[in-house]
Every structure is written in structure tokens, then in C-alpha cells.
1. Find the residue count for the stretch 3-18, including only residues that are surrounded by fewer than 18 Cβ atoms within 10 Å (Cβ to Cβ) and within 7 Å of the ligand (Cβ to nearest atom).
2. Could you run through the stretch 11-29 and say how many residues are within 22 Å of LYS185 (Cα to Cα) and assigned to a loop (DSSP other than H, G, I, E, B)?
3. Taking the stretch 192-230, which residues are under 17 Å from VAL180 (Cβ atoms) and part of a helix (DSSP H, G or I)?
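Bear in mind that the values in this text are calculations on the coordinates, not laboratory data. Worth saying up front: this structure is predicted, and the values here are computed from it rather than measured. Counting neighbours? That spans all protein chains shown, and the Cβs are built from the backbone with ideal geometry, glycine included.
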Amino acid sequence: MRTDVIYNGDCIQGLKRLPDNSVDIVVTSPPYNIGGSIHHNKNMYNNYDDNLSDDEYLNFIRECLNELLRVTKYYVFFNFQILSNNKNSYLEILHIFKENIKEFFIWAKPNPAPGVQPGLFANGFEFIICFSKFDVNGRTFKHHYTKQGKLSNTIIQKTNKDFVDGHFACFGKWLPKFFVESFTKENDIVLDPFMGSGTTAKACYELNRRFIGFELDLEYCEIARKRLKQKLITGFFGTQANSTSSSFNKDLTGNSDEFPQILPLAELR
Ligand SMILES: C[S@@+](CC[C@H](N)C(=O)[O-])C[C@H]1O[C@@H](n2cnc3c(N)ncnc32)[C@H](O)[C@@H]1O
């Protein structure tokens, strides 16, 4: 299977072409279905209005999670922010997948966007829910690379400082980094079916993991490629990338314009 590639197209169609257990973990943040919300900027995405009915959104997320559990060996880390336009769908999802929920992580935001009207509370947290098909009983993770003696906490308090020109819904780089570092080793494969501006790909590149992504919007795929390319250049002239890592050498001796590859979905075989 080809890795270090972002496929431009619908993730559900793409996921259906991936073999069972072909990736190690998933780290992702889906569109939240907030296009119809009066509190939100209707132009959050370029070409996607993010405004499905409750049933349509429920079916979309359900199909996506079913496919993600099929293609993933270990854990699916799926970011939920419960808002009025997706609350019914997400509560239903929690019920449907109750046998697959391993853990709830909370991303607590010290600087949430303020409540914009009286009676509206600032939304100070998001969930990152861990789904699994192999390790659901008990709260101890059977498959992990966390350090003995280093206590971890399910509440991760972080300010989102990472803003990316041209994409308004990206998550901070710490988020994929935290999960990739804790639950994969070098050269493992990480999937992000909603790759957006490439934050997961960038974290994987820095940690010498392989990645596969899907993204509907070609402009976002190009933003992702630019972010990774910047990283290659910084790594070459500076010290940020690990120059002994195999991916670093391979990418610099190859053509960095080709990294990561952006391919149409039809190329996924
Ligand atoms: C919340 S954003 C993800 C942002 C990403 N985590 C980042 O840091 O840039 C969701 C992304 O999913 C994309 N998207 C929406 N529906 C999709 C689909 N069916 N298949 C693939 N991508 C989709 C949107 O274009 C958007 O870029």
C-alpha cells in the first residue's frame, strides 16, 4: 500500500478501497456540521457547506467510523465538538458505538472563542474519543508507547496557537503529535480521512511515521503539501528534522515537489 500520500476525494469512497487492518491508528477531526449554525462563519470551508440534516450527518459519521474500525489495527482517535447542529447525531453515535469506546480524552482550551450572546457559554472543550475493535475492556491500553513512570492525563489543556493560512478549522499540531507519539512507533502508518491542511501528515513526518490522508478539497491538499515542503527546507538548512531518519534522507534525495504525493482517488488501488 502506498504511504505518505494524500488522496483528493471523498474519504468514504477511499476508505472502502483500503484493506482490513491496513493502518495502525487514525487521528482525525471530521467536519462538525456547523454550516447552518447562526453562531458560525458560513464560509468555514472553501467548497463544502458542512450543513447536513441530523440523519444525513449521523449516517455519514456512522459509515465513516465503521470503515475506520475495519481498516485500523489499534485505535481511532476521533475529535468531537458537540454543538447544537450535531448534538443529536453525536449522542446517537455514542450509543451505536458504545461497545467500541475505549477512552474519552478532553482537549481543554484556556482561550475558547467567547460566547457571542447572553446565555451562550464559551465552548471551552472538545472530546477526542478513542474507538477500538480489539482493546475495549478496561481503561489500560494494551498497545502504547507511553513512558513508564510518566503520568498521562485524559484532560489535555492546550491553547491552539497553530493557525494556517487558507484553512480555518485546523487543529493544533500538538494534537496529532500527542496521539501518534503515544500509540505508534517509527514507520507505523497513521490515517487521517479528513486531512485538511495536513496537520496530521506534518506530525507524522516530524516523528518519522508514514501517513495516508483523504481530503475533498484540492486547495487544502496543496496547503498540506506546502506545509510539508516548508518542513523539508527547514530540516535541510536547520536542525528541526532528524537527519538520520530514513524518511528525511529519502525525501531530500527525491523530489520534494512530490512529497507528499497528492493523488486523485482513482489512483488508490
Ligand atoms: C475539521 S477539518 C480537518 C482539519 C485538519 N485536522 C487540519 O488540521 O487541517 C475537516 C476537513 O474535512 C474535509 N472533508 C469534508 N468532507 C470530507 C469527505 N467526505 N472526505 C474527505 N474530506 C472531507 C473538509 O474539506 C475539511 O478540510
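1. Residues that pass the stated criteria total 2.
2. Of the stretch 11-29, the ones within 22 Å of LYS185 (Cα to Cα) are 18-29.
Still in the list and also assigned to a loop (DSSP other than H, G, I, E, B): 18-22, 29.
Final tally of qualifying residues: 6.
3. If we filter the stretch 192-230 for residues that are under 17 Å from VAL180 (Cβ atoms), which is where we start, we get 192-213, 224, 227-228.
Within the stretch 192-230, THR199, THR200, ALA201, LYS202, ALA203, CYS204, TYR205, GLU206, LEU207, ALA224, ARG227, LEU228 qualify.
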